[in-house]
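The values are calculated or read from the model by the stated rules, or taken from the named source; none is laboratory data. Since this is a predicted model, take the numbers as computed values, not measurements. Note: ideal-geometry Cβ built from the backbone for every residue, glycine included; neighbour counts use all protein chains shown. Side chains are part of the model used for accessible areas, which takes the heavy atoms of the whole protein and leaves out ligands, DNA and RNA. Shrake-Rupley method; radii C 1.70, N 1.55, O 1.52, S 1.80 Å.
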Amino acid sequence: MPPLDNPKEYQNIFHWAETQKDGSIPSFRTRKNDPYEYQAGFDNIFESEAVPGTIPQGQNSPRNVRFGLYAEQMTATAFVAPRHLNKKAWLYRARPAVAHQGFTDLPDNKDTESCFLPLNPRVHVSPTQLAWLPFDIPSDGEVDFVGGLKTIAGSGDPTLREGLAVHSFLCNKSMAKRATVNSDGDYLIVAQEGNLDIQTEFGMLYVQPGEICVIQRGQRFKVNVEGPTRGYILEVWGSNFQLPELGPLGANGLANARDFLHPVAKYEIEKAPWEIIYKLGGKFFKSTQNHSPFDVVAWHGNYVPYKYDLTKFVNVGSISVDHIDPSIFCVLTAPSRDPAAPLADFLIFSPRWDVASHTYRPPYYHRNAASELMGLIYGEYAGRSDSFQPGGVSFECGFVPHGVAYEEFKAASAAPPPETRISQGAVAFMMESSRPFTITDWAWNSEKLHEHEPKMWDDLVDNFSTFGAEVEKLLSEKAGR
């Protein structure tokens with residue numbers, strides 16, 4: 001769904017939740033075709049009951065939970081982690097997660113990767129700017145979300161508890177009686193083509209192109225699709241996503257906490273064979289059980305999956321001169337052990353005004369320490385080649401120089417540009433890290449891979465030499481002082 005410029009268009013797509021039977025008015029806004037209810041906020045202590053009166057009062061694990069349910073705690077941090085970092089949730093369910101029939105190894109998926117250390121012969125280091133055309137969604141046979149995972153790049157290893165991976169998912173089938181859980185880290189899922197109807201232990205999330213969701217480590221979920229579906233995943237190990245600090249911006253702006261939506265409890269009681277696909281150490285394992293893993297009647301805690309609509313991002317920028325650094329486009333960040341360098345940032349580039357005076361408007365020529373992997377959700381994005389299409393990928397490692405061709409430089413330098421609206425009808429994103437990426441075999445050998453053509457910069461002429469006489473005069477005057 002393209003970003004909107006007219007407030008009336010927002011009214012057509014978003015709606016305020018209707019007043020509830022108890023007279024309360026939930027403080028959230030959703031897209032009109034989203035069938036589910038949510039709770040708004042970020043890093044809150046939430047609670048939800050599908051059956052009123054289920055959650056114990058005054059304690060978490062009474063001798064008898066109401067309705068004969070089992071109390072199960074999901075602890076995501078060390079027990080003694082500081083309060084502001086401590087992550088946990090209490091789930092009240094028909095059967096605890098321990099009720100399963102053991103684990104079996106699954107064959108290695110050659111299209112996924114977890115070890116990105118250069119000693120791994122299945123990953124590649126490249127200083128070249130790389131790009132991929134949109135990856136094909138399967139048309140032969142049925143492929144679900146887990147079967148359609150393909151790893152593009154990453155850094156580190158999940159067993160080291162610090163690192164990240166970037167995946168694509170390409171599927172055409174819903175997960176039937178099949179759920180998955182990532183025991184390595186958190187998934188930030190970007191819907192690009194097709195809607196994702198995600199069932200989690202905490203409730204339902206409906207994620208459409210232009211929205212993202214975060215499913216955290218250890219949380220079981222199932223992805224239903226409505227047809228050919230494609231998207232991206234940023235996976236982080238040893239860290240959780242959080243809102244970036246706003247600093248001098250103050251209390252508001254960028255991704256506002258109230259626009260993040262969390263599910264409400266919805267349980268499924270079903271006696272039928274189920275498969276749970278576990279990812280651990282980058283390998284996949286299967287566990288079977290004879291009941292639904294989504295039998296949670298109520299829950300409370302701050303370790304909950306969530307989603308966010310990227311069209312609600314509040315852009316900021318210069319209203320005088322020059323560009324502000326691209327950190328102003330950060331939606332979520334995952335800190336690393338280095339306080340000055342994040343493990344991963346998720347940034348977006350959406351419609352906004354460019355009004356800086358006396359300023360070279362295109363992205364300035366740049367070399368920076370971060371690895372940058374970009375994708376396009378919809379629309380057209382200036383600043384990349386014509387081959388940068390929705391569903392595609394563009395990558396450059398740290399300190400590789402980048403910038404526009406001479407024709408654009410010359411045009412932008414020749415005349416003062418008017419105030420202009422940029423990225424109209426488009427949303428692009430960047431997955432950025434302080435760590436160097438290596439590229440997987442699957443991406444390296446893909447027929448969709450192409451390199452940025454260096455000839456686009458051949459016409460960057462030496463303008464400085466045309467001012468030789470003027471420069472000599474100035475140097476002579478300086479020497480004569």
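Points to keep in mind about this one:
- Structural descriptor for the stretch 347-481: relative contact order 35 percent, calculated from alpha carbon pairs under 8 angstrom and at least 6 residues apart.
- Accessible surface ranking that places the most exposed of I269, I348, I137 first, with a 1.4 angstrom probe: I269, I137, I348
- About its Cα centre, the dipole of the stretch 87-165 is roughly 580 debye, where the only charges are +1 on Lys and Arg Cβ and -1 on Asp and Glu Cβ.
- This model, with +1 at the C-beta of Lys and Arg and -1 at the C-beta of Asp and Glu, gives the stretch 385-435 a dipole about its Cα centre of some 100 debye.
- For the stretch 81-88, 3J(HN,Hα) computed residue by residue from phi via the Karplus equation (6.51, -1.76, 1.60; θ = phi - 60°) reads 4, x, 3, 6, 10, 6, 10, 7 Hz, glycine and proline entered as x.
- Protection proxy ranking for 255-263, 104-112, using the average of other Cβ atoms within 10 Å per residue and placing the highest first: 255-263, 104-112.
- Relative contact order of the chain, defined on C-alpha pairs under 8 angstrom at six or more residues apart (%): 19
- Relative to the dominant Cα principal axis of the chain, helix 468-479 is inclined by about 90°.
- With DNA, RNA and ligands ignored, accessible area of C330 (1.4 Å probe; Å², nearest 10): 10
- Just so you know, the Rg over Rh for the chain is 1.01, from Cα atoms, with Rh as the Kirkwood radius.
- Using equal-weight Cα scatterers in the Debye expression, the normalised intensity of the stretch 57-159 in log10 at q = 0.12, 0.16, 0.20, 0.22 Å⁻¹ is -0.81, -1.02, -1.14, -1.22.
- Take each peptide in 353-361, 411-419, count the other Cβ atoms within 10 Å of every residue, and average; sorted highest first, the result is 353-361, 411-419.
- Accessible area in the full protein assembly, largest first, 1.4 Å probe, for L69, L373, L160: L160, L69, L373
- Each Cα pair under 8 Å and six or more residues apart adds its sequence gap; the mean of these over the residue count of the stretch 99-214 is a relative contact order of 19 percent.
- For the stretch 453-460, putting each phi into the Karplus relation 6.51 cos²θ - 1.76 cosθ + 1.60 with θ = phi - 60° gives couplings of 7, x, 5, 5, 9, 4, 8, 6 Hz, in residue order, rounded to whole numbers and with x for Gly and Pro.
- Long-range HN-HN contacts of G203 with modeled amide H, under 5 Å: K266
- Applying 1/(1 + (r/R0)^6) with R0 = 22 Å to the Cβ-Cβ distance of L119 and L280 gives a FRET efficiency near 0.55.
- A 1.4 Å probe over all protein chains sorts T128, T466, T311 by accessible area into T466, T128, T311, starting with the largest.
- Taking θ as phi - 60° and the Karplus parameters 6.51, -1.76 and 1.60, the scalar couplings of the stretch 220-229 work out to 7, 7, 9, 10, 9, 10, 10, x, x, 9 Hz in sequence order, x denoting glycine and proline.
- For the peptides 234-244, 78-88, 34-44, the ranking by packing is 234-244, 34-44, 78-88, with the highest mean count of neighbouring Cβ atoms within 10 Å listed first.
- For G210, the residues whose modelled amide H falls within less than 5 Å of its own, excluding neighbours fewer than 5 places apart on the same chain, are A191.
- Signed unit charges on C-beta, dipole axis of the chain, positive-most listed residue Q242, S318, Y360: Q242
- The charge dipole of the chain, taken about its Cα centre with unit charges on the Cβ atoms of Lys, Arg (+1), Asp and Glu (-1) only, comes to about 1620 debye.
- Exceeding the 24 Å Cα-Cα cut-off - candidates K88/K222; K88/K266; K88/K271; K279/K307: K88/K271
- P(r) for the stretch 299-439, from all Cα pairs and a bin width of 5 Å, is 2, 8, 15, 20, 21, 17, 9, 4, 2, 1, 0, 0, 0 %, short bins first.
- Largest-first ellipsoid semi-axes for the stretch 240-379, taking √(5λ) over the Cα gyration tensor eigenvalues, angstrom: 40, 19, 15
- 16 Å tail of the calculated P(r), the stretch 160-251, as % of Cα pairs: 59
- Rolling a 1.4 Å probe over the protein heavy atoms gives the chain an accessible area of 48 Å² per residue.
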